[in-house]
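Trainee: Starting off with a structure, shown below.
The values are calculated or read from the model by the stated rules, or taken from the named source; none is laboratory data. Here the structure is a predicted model, which is why all the values come from computation and not from measurement. Note that each Cβ is placed from the backbone with ideal geometry, even for glycine, and that neighbours are counted across all protein chains shown. Just the protein is used for accessible areas: all its heavy atoms, side chains included, with ligands, DNA and RNA removed. Shrake-Rupley method; radii C 1.70, N 1.55, O 1.52, S 1.80 Å.
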Amino acid sequence: MSDTSSNQMWGGRFAAGPDAIMEAINASIGYDQRMAAQDIAGSRAHAAMLAATGIITDSDADTIREGLLTVLSEIETGRFEFSTALEDIHMNVEARLKQIIGEPAGRLHTARSRNDQVATDFKLWVRDQIDAAIDGIKALITALIGQAEIGSDWVMPGFTHLQTAQPVTWGHHMMAYVEMLGRDLSRFQDARKRMNECPLGAAALAGTSFPIDRHMTAAALGFDRPSANSLDAVADRDFALDFLSCASICAMHLSRFAEELVIWSSAQFRFVTMSDKWSTGSSIMPQKRNPDAAELLRAKIGRIFGANVALMTVMKGLPLAYSKDMQEDKEQVFDAADSLMLALAAMTGMVSDMTGNRDALAAAAGSGFSTATDLADWLVRELNMPFRDAHHVTGSLVALAESKGCDLPDLTLADMKSVHGPITEAVFDVLGVDKSVASRMSYGGTAPAQVVTQIERWKKVLE
């Protein structure tokens, strides 16, 4: 097949032939330019260390560091011209640095490789994203605590299998998500601590014969220590996988809450009213208020899950140390980070602006025989019945109420005694939903007093 026919098969974009295809598959500048600030920070620290150890002169180091600031300024102000031919952010920066300062630019790459350079840049970028995620999670926790304080004693149905189970409080439900996000917070903090080792100085894979000071560069870049094995330093992407894993679990929590907001805001539930900021209307049905932000958040989570699987797949078959496959590590991490931060911001906005409909919540709390467990517990506590027997008696009373078309509190004492004679008038003291939630005083229970305790605990945690 001729080159001409091959070019036609490749299509118009690659009309220049194989060279264009190789450039397109090899270049990463289209996305890794996002690491420009981290790349320049790493290079400035490296130059300072080279001068301190006598590998380059102080004059050259000063010139390099000032030139790098000029490059950074050009990038930040949009005046920098990125070149695909130069492949990546590292070569783009170095080429521009040479144009600005001349010969000293060639000394910057002494005692390092693009392998340890990119590992350092990427780790710095991921670390910044972890810090941003931590701040975003704290903001959402604060919004949830605000809702919990408003409704610490509002009754609502608690569900299992999306069927009414027992009454709980609005505040207790909000604080359940605080606990989930608290674990997310802890995971991100753990990941940050674990990843905080500096790859710079590992060079291509074996270290370097130059008398570098890796502890100096690690400290300058805010790392706790240099990485201890040069092979692992350039081959490792666990830090990115840690980030994606943490992000995936956090995203799953956000998606669960988004699902609840979609259900709760429906006409059938009316548990919450979503702010107009986070809802849209219908092009044909004027009565509609659609929870689009929650739905889009719920869908966007798949991108984060996909990124996690994609990077695991890239890394799973790579021998030590570096392979070009690892260039495919960044796009999905960048996209996942963007998606997570957007989801956190959207959920924080929705939670802050939504209004719980107390009357609808209370009405639903008393439906579906939600105090049946309270009745069974009363039989055990007051009549000394084995719980399994109490469960059977309660089931019979529920069946009686169903046949009469009423709820348990609406049965008469005579109705109760027809099922189990020893029942007394005192049973009605536990059948109201407010009495039910107030009785759940075990640690972590739904009683308003317990909810307030957890709110205060979390306020101290955030401080």
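Trainee: Which residues does the label zone of THR142 cover in region 432-463, counting backbone N under 20 Å from a point 7 Å along Cα→Cβ?
Mentor: 454-463
Trainee: Please list the non-local residues whose amide H lies under 5 Å from the amide H of VAL168, H modeled 1.01 Å from N, same-chain partners needing a gap of 5 or more.
Mentor: Sorted by chain and number, the residues that satisfy this are MET156, GLY158.
Trainee: A further question follows. Quick one: accessible surface of ASP359, probe radius 1.4 Å, all protein chains present, in square angstrom to the nearest 10.
Mentor: Roll a 1.4 Å probe over it and ASP359 shows about 130 Å².
Trainee: Same structure, new question: Roughly how many nanometres apart are two label points built 7 Å out from the Cα toward the Cβ at SER367 and ILE249?
Mentor: 3.6
Trainee: Another question, then. Amide H neighbours of ALA203 under 5 Å, counting only residues 5+ apart in sequence or on other chains, H built in-plane at 1.01 Å?
Mentor: SER113, ASP116
Trainee: Ok, one more. Would you mind calculating the relative contact order of the chain from Cα pairs under 8 angstrom and at least 6 residues apart, reporting the percent as a whole number? Walk me through the intermediate numbers first.
Mentor: Numbers: 647 pairs, mean separation 75.5, N = 463.
Relative contact order of the chain: 16 percent.
Trainee: Report Rg/Rh for the chain, rounded to two decimals, where Rg is the Cα radius of gyration and Rh the Kirkwood radius.
Mentor: That ratio equals 1.15.
Trainee: Where a ≥ b ≥ c are the square roots of the eigenvalues of the C-alpha gyration tensor, would you call region 20-110 rounded, which needs a/c under 1.5, or, failing that, prolate if a/b is larger than b/c, or oblate?
Mentor: Numbers: a/c = 2.20, a/b = 1.82, b/c = 1.21.
The shape class here is prolate.
Trainee: OK, next. Helices from the chain with mean Kyte-Doolittle at least -0.5 and a Cα length along the axis of 15 Å or more, per DSSP H: which?
Mentor: Working: long enough: 36-52 (24 Å, 0.51); 58-76 (27 Å, -0.13); 89-101 (18 Å, 0.24); 114-150 (54 Å, 0.15); 170-195 (38 Å, -0.78); 238-264 (39 Å, 0.96); 292-315 (36 Å, 0.81); 330-353 (34 Å, 0.55); 372-383 (16 Å, 0.22); 387-404 (25 Å, -0.02); 448-462 (21 Å, -0.22).
In the chain, the long hydrophobic H runs are 36-52, 58-76, 89-101, 114-150, 238-264, 292-315, 330-353, 372-383, 387-404, 448-462.
Trainee: Counting each pair of different Cα atoms once, what's the Kirkwood radius of region 152-272 in Å, rounded to one decimal? All intermediate terms of the calculation are to be shown ahead of the outcome.
Mentor: On the way: mean 1/r = 0.0552 Å⁻¹.
This gives a value of 18.1 Å.
Trainee: Related question: Identify all aspartates and glutamates with a Cα-Cα distance to LYS324 below 15 Å; exclude those on the same chain that are fewer than 8 residues away in sequence.
Mentor: Partners within reach: GLU23, ASP32, GLU87, ASP88, ASP116, ASP236.
Trainee: If you roll a 1.4 Å probe over the heavy atoms of the protein chains, what accessible area per residue do you get for the chain, in Å²? Mind dumping the intermediate values first?
Mentor: Numbers: 21600 Å² over 463 residues.
Value for the chain: 47 Å² per residue.
Trainee: For the peptides 252-265, 68-81, what is the packing order when you average, over each peptide's residues, the other Cβ atoms within 10 Å and list the highest mean first? If you can, show how the numbers build up before the last one.
Mentor: Details: 252-265: 19.8, 68-81: 14.0.
In descending order of packing, they fall as 252-265, 68-81.
Trainee: On to the next question. Percent of accessible area on region 115-364 owned by carbon and sulfur, 1.4 Å probe? If you can, show how the numbers build up before the last one.
Mentor: Numbers: 5660 of 10610 Å².
Percent of accessible area from carbon and sulfur atoms in region 115-364: 53.
Trainee: I'd like the distance separating the alpha-carbon centroids of region 126-183 and region 356-376, in whole Å.
Mentor: Distance between centres, Cα-based: 20 Å.
Trainee: Assuming 0.36 nm per residue, please report the length gained on full extension of the stretch THR355 to VAL461 beyond their Cα-Cα distance.
Mentor: Working: separation 106, 0.36 × 106 = 38.16 nm, distance 2.58 nm.
Length gained, THR355 through VAL461: 35.6 nm.
Trainee: Next up: Sorted by average packing, counted as other Cβ atoms within 10 angstrom per residue and highest first, what order do 161-169, 411-419 take?
Mentor: On the way: 161-169: 17.8, 411-419: 14.6.
By packing density, highest mean first, the sequence is 161-169, 411-419.
Trainee: Now, a different point. Just reorder ASP32, ASP62 by solvent-accessible area, largest first, 1.4 Å probe, all chains present.
Mentor: Working: ASP32 5, ASP62 75 Å².
Sorted by accessible area, descending: ASP62, ASP32.
Trainee: Turning to a different aspect of this structure: Beta carbons within 10 angstrom, averaged per residue: use that to sort the peptides 194-203, 217-226, 231-240, highest first. Please list the in-between numbers first.
Mentor: Values: 194-203: 22.9, 217-226: 18.2, 231-240: 21.2.
In descending order of packing, they fall as 194-203, 231-240, 217-226.
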